[in-house]
Amino acid sequence: MRIALAPGDGIGPEIMNATLELLKAAGGSQAIEFVVVEMGKHCFDRGETRGMTNAAIEMVEACGLLLKGPMETPKSGGGKSINVTVRKIWNAFANLRHFRTLPGVMTPYSRSGVSVDFFIVRENIEDTYGGIEHRLSNDVVQCKRLISAPGSDAVHRFAFETARRVGIKKVHCGHKANIMKMTDGLFLERFKAVAAEYPEIETADVIVDALCMNLVMKPQQYRMIVLPNLQGDIVSDLAAGLVGGLGFAPSANIGNHISIFEAVHGTAPDIAGKGIANPCSLILSTIMLLRHVGMLGTASRLENALLASLEQGVRTGDFGDAAKPALGTMDFVHEVAKRLGQKPGLIAAVPDAEDRVTFKAPVKPFRAAAVHTFGPGKTEVVGADVYLDAAEGCHELAKRLQELVQGTSFRLKLISNRGTQVWPTGSVYTDCVDYWRARFERVEGAAVAQPQTIDLLQRIAAKYVVCSYELLRTFDGKPGFSMAQGQ
Ligand code: NAI
């Protein structure tokens, strides 16, 4: 079995070398050929805008598995985050992280006897992470947030399948559907639809802000939480804080063809090259990889040795009992390697198992798949939202727009600013910026389709900068658009 290996930047090579040495000591590397691929900072520096070489891409696609260290993301301008790019281009749609109290890792919860043990499944490729951003006017920028039904279905199904495999009896869906009724609303609706296929698993939903408070107050009430991308990103780091920080949070990015296993933390430039980084996150991610491919025996041996070591006070400088010596990265894994075959005494050991490689290198798909959840329904155009860059006030804007659309099949229904209705009714307390949404509805009885809306745009564009527009459509009679705040 070949696994593509990208050591990463900063502390990446240090923790990767340590992890590979431990894997070798556990006997796990006999079944695996690691193939080093070029990814990360040095690729960006050479002008590879994707942060990796074509050869690296081909190798990861041939292997179907990538074990990666943390990689530096160029700030503001320049290349996009390679960590996000690899998840997106290879459709690693679900991010799985396990958060649990580890022996020897002191936290306020472990000190008070609260045992934390839950999984977060985060949607990994949609949401604001599409990075679809535009400057719309002098003062306004936007980020488009896309949530799809097939994308939501895939991550929910993965969560329920994982819950079934691990023996989890209750799955929560975190969301903000009370505010984002269409996007988070769809994510939640698909959670409920997919849950119906897993009747033995109890479900509940929780608004993400309440979820954060609950996690801090009583984390032991959760076993698995599935979340949209951005919320999942934030809640995952909060969860890492509950169990001792990012140094202990493993992560798997699972796709149908290619899966990526990585440490959750970054490149830690402040300690890079000092040989003191904590390798636990990458070791735990490697254990997830071993389970993913069926090497359950090696995974159990490694995990039990790590748990036994932590329990006995083996530590790097960033955690543990300060009375015990802080080890460097390599000495830490040597201590763990010495305990291979041991089991933890204070917490439950992971059951012994046998290695049975089930993973098969993926067959390259002929073309990208088109995925659907809903079949084609009946849609009808009922209006258009036209987005304008304009410096004047709402009453003047309304007067001009009404003049411009006179004689068309549309009438101006409302104007909103930053989502709040300001015309025909509004509040003088609503500050307005230089970017407006004008909503046009078809005149009663008028037959309209997309060409009429384009005609409408052309009339408006004669006077204003039209930044973009959205068709207002009904889908099987139901409006496919939200109301303005205050409408
Ligand atoms: P960071 O996670 O690298 O560091 C935050 C703090 O945690 C630092 O004090 C660091 O020393 C400490 N830390 C992190 N990992 C540690 C470990 N294994 N052992 C001991 N201490 C550790 O986050 P930061 O500083 O925000 O980001 C640095 C760089 O890493 C950036 O370029 C960022 O884009 C990148 N990054 C990459 C990720 C990835 O490849 N998956 C994830 C997060 C950040």
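I'd like to check something: does region 226-234 contain any residue that is more than 12 Å from the ligand (Cβ to nearest atom), in a strand (DSSP E or B), buried (at least 19 other Cβ atoms within 10 Å of the Cβ) and at pLDDT 95 or above? Yes: region 226-234 contains one or more residues that are more than 12 Å from the ligand (Cβ to nearest atom), in a strand (DSSP E or B), buried (at least 19 other Cβ atoms within 10 Å of the Cβ) and at pLDDT 95 or above. Across region 346-364, what is the total count of residues that are farther than 17 Å from Met1 by Cβ, modelled with pLDDT of 90 or more and either of a type in the set (Lys, Arg) or out of contact with any helix residue (DSSP H, G or I) (no Cβ under 6 Å at 6 or more places or on another chain) (or both)? Residues that pass the stated criteria total 1.
Only a single item in (1) within 16 Å of the ligand (Cβ to nearest atom); (2) surrounded by 24 or more Cβ atoms within 10 Å (Cβ to Cβ) is not met by Leu290, and it is number (1). Among the conditions (1) more than 13 Å from the ligand (Cβ to nearest atom); (2) at positive phi, the only one that Leu65 does not satisfy is (2).
Within region 5-42, restricting attention to residues that are among the charged types (D, E, K, R) and buried (at least 23 other Cβ atoms within 10 Å of the Cβ), which residue is farthest from Glu72 (Cα to Cα)? Only one residue fits best here, namely Glu14. Looking at Leu284, Leu346, Leu307, Leu340, just one residue is in a helix (DSSP H, G or I), in contact (Cβ under 8 Å) with a residue 40 or more places away in the chain and away from the ligand (no atom under 16 Å from the Cβ), and that residue is Leu307. Applying a threshold of 8 Å to beta carbon distances and a minimum spacing of six or more residues, or different chains, the list of pairs starting in region 258-275 at a residue that is more than 6 Å from the ligand (Cβ to nearest atom) and at pLDDT 95 or above and ending at one that is among the hydroxyl-bearing types (Ser, Thr, Tyr) and not in a loop (DSSP other than H, G, I, E, B) reads Phe261/Ser251; Phe261/Ser285; Phe261/Thr286; Gly275/Thr329. For Phe44, the stated conditions do not hold, so it cannot be described as part of a strand (DSSP E or B) and either out of contact with any Phe, Trp or Tyr (no Cβ under 6 Å at 6 or more places or on another chain) or near the ligand (Cβ under 10 Å from one of its atoms) (or both). Those residues that are within 13 Å of the ligand (Cβ to nearest atom) and either assigned to a helix (DSSP H, G or I) or charged (D, E, K, R) (or both), I need them from region 235-246; list them, please. Once the filter is applied, which keeps residues that are within 13 Å of the ligand (Cβ to nearest atom) and either assigned to a helix (DSSP H, G or I) or charged (D, E, K, R) (or both), region 235-246 yields Ser236, Asp237, Ala240, Gly241, Leu246. Criterion first (within 14 Å of the ligand (Cβ to nearest atom) and farther than 29 Å from Leu65 by Cα) does Asp321 satisfy it? No, not satisfied. In summary, strands (runs of 3 or more DSSP E) completely within region 83-165 and bearing 3 or more residues that are surrounded by fewer than 18 Cβ atoms within 10 Å (Cβ to Cβ) and either modelled with pLDDT of 90 or more or in contact with a helix residue (DSSP H, G or I) (Cβ under 9 Å, 6 or more places away or on another chain) (or both) occur at 133-135, 141-143. Pairs are defined by a Cβ separation below 6 Å, a sequence spacing of at least 6 or placement on different chains, a first member in region 382-406 that is in contact (Cβ under 8 Å) with a residue 40 or more places away in the chain, and a second member that is small (Gly, Ala, Ser) and part of a loop (DSSP other than H, G, I, E, B); the pairs so defined are Asp389/Ser137; Leu397/Ala390.
The values are calculated or read from the model by the stated rules, or taken from the named source; none is laboratory data. All figures in this text were calculated on a predicted structure; none of them were measured in a lab. Using ideal geometry, Cβ is built from the backbone for each residue, glycine included, and neighbour counts are taken over all protein chains shown.
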